[in-house]
Amino acid sequence: MSAEAHRYAVFGHPIAHSLSPDIHSAFAAQLGIALDYRTIDAAPEDFVAQVKRFFAEGGLGANVTLPHKNVALALADKHTEAAARTGSANTLTPLVGGGIEAHNTDGSGFVRDITERHGFDLRGHDALLLGAGGAAKAVAWALMDAGVRSLTIVNRTPERADEIADAIGEPARCRTRYWDGLEGECFDLVVNATSIGVTGGDFALPMSIVQDHSTAYDLCYGTASAGFKGWAIAAGVRPDWFRDGLGMLVEQAADAFERWHGQRPDTDPVYRELRQRY
Ligand code: NAP
């Protein structure tokens, strides 16, 4: 790495598993940009101080992952609409003249992956979203913006799903249901934005909510997507119409990269390389 390489980082806790350094380094290599992109393990009590120190010492951009995404928005001096809507940030950028701007690329990364990589035109389709955490919020807004005919949100804690639907404020198109209140419904797209694949738990959903024309998309990837994939295929989703979140991971990184470097990388070779591993 050259001495002039510009400093970027991803903050999380834990963070050693993060693919962000590999992804950003591959983008930078493609475009001939000298980059020093590191992981920074920040315990919750140290996160704000570490971020401020990183930027004070010349850091040019930071990604943020669990468990810091909400605090990342709160610490910022300015935020984009995408960050405000999701109540969390995964991309921090220093402002000219001082301060930090918070942005969230999860929603745009999801839509780009499912539409451009997988060819699923979201317009006019009925979508079911499982979960109401930070990632689900981003996906909910993105699905609405992309023109789904209807969006149904279910969550273990139903009040959190209601909060998202209330914030979206389009009751004719976006509604909530209880996990056990989906009998008799059928969806073109089911998106898993819960952390069940990581933390453990069951997809106790009626199999009738999907048919063989339905697509299932899990924000998780690798072994963490095995549970939802198993449920989806058992319920009738064609195996090649199951998508995991690896492409979203690459696309949300590309959106952050473009924000920082003003150039859009070609995500396909990076996705293909990671696909060999996951
Ligand atoms: P989060 O804010 O912690 O939300 C977790 C969600 O999962 C909540 O809705 C929670 O329900 C639900 N949940 C957890 N355990 C459950 C269980 N046993 N049964 C039912 N629901 C359960 O997490 P997040 O940041 O939104 O992330 C969600 C997932 O998306 C994670 O696995 C993360 O790795 C993945 N993700 C992937 C990408 C990507 O680029 N591919 C980007 C962002 C996130 P309650 O509200 O009831 O607690």
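The values are calculated or read from the model by the stated rules, or taken from the named source; none is laboratory data. This is a predicted model, so every value here is computed, not measured. Positions of Cβ are backbone-derived with ideal geometry, glycine not excepted, and every protein chain shown enters the neighbour counts. For accessibility, only protein heavy atoms count, side chains too; no ligands or nucleic acids. Shrake-Rupley method; radii C 1.70, N 1.55, O 1.52, S 1.80 Å.
For beta carbons closer than 6 Å, sequence separation of 6+ or different chains, a first residue in the stretch 241-258 that is under 24 Å from GLY230 (Cα atoms) and a second that is surrounded by fewer than 24 Cβ atoms within 10 Å (Cβ to Cβ) and modelled with pLDDT under 95, the qualifying pairs are LEU246/TYR278. Here is the figure for the stretch 172-202: residues that are surrounded by fewer than 19 Cβ atoms within 10 Å (Cβ to Cβ), over 18 Å from the mean Cα position of the chain (by Cα) and not aliphatic (A, V, I, L, M) total 14. A residue that is closer than 23 Å to ALA5 by Cα and outside any helix (DSSP H, G or I) occurs somewhere in the stretch 70-91. Applying the condition of being hydrophobic (A, V, I, L, M, F, W, C) and more than 17 Å from the chain's Cα centre (by Cα) to the stretch 128-160 and asking which residue is farthest from the ligand (Cβ to nearest atom) yields VAL148.
Just wondering, is there one or more residues in the stretch 44-56 that are under 20 Å from the mean Cα position of the chain (by Cα) and of a type outside the set (Lys, Arg)? No, the stretch 44-56 contains no residue that is under 20 Å from the mean Cα position of the chain (by Cα) and of a type outside the set (Lys, Arg). The sole residue among THR65, THR105, THR93 that is open to solvent by less than 20 Å² (accessible area, probe 1.4 Å), at pLDDT 95 or above and touching a strand residue (DSSP E or B) at 6+ places or on another chain (Cβ under 8 Å) is THR105.
Within the option set ALA132, ALA136, ALA127, being crowded, with 23+ Cβ neighbours inside 10 Å and assigned to a loop (DSSP other than H, G, I, E, B) holds for one residue only, ALA132.
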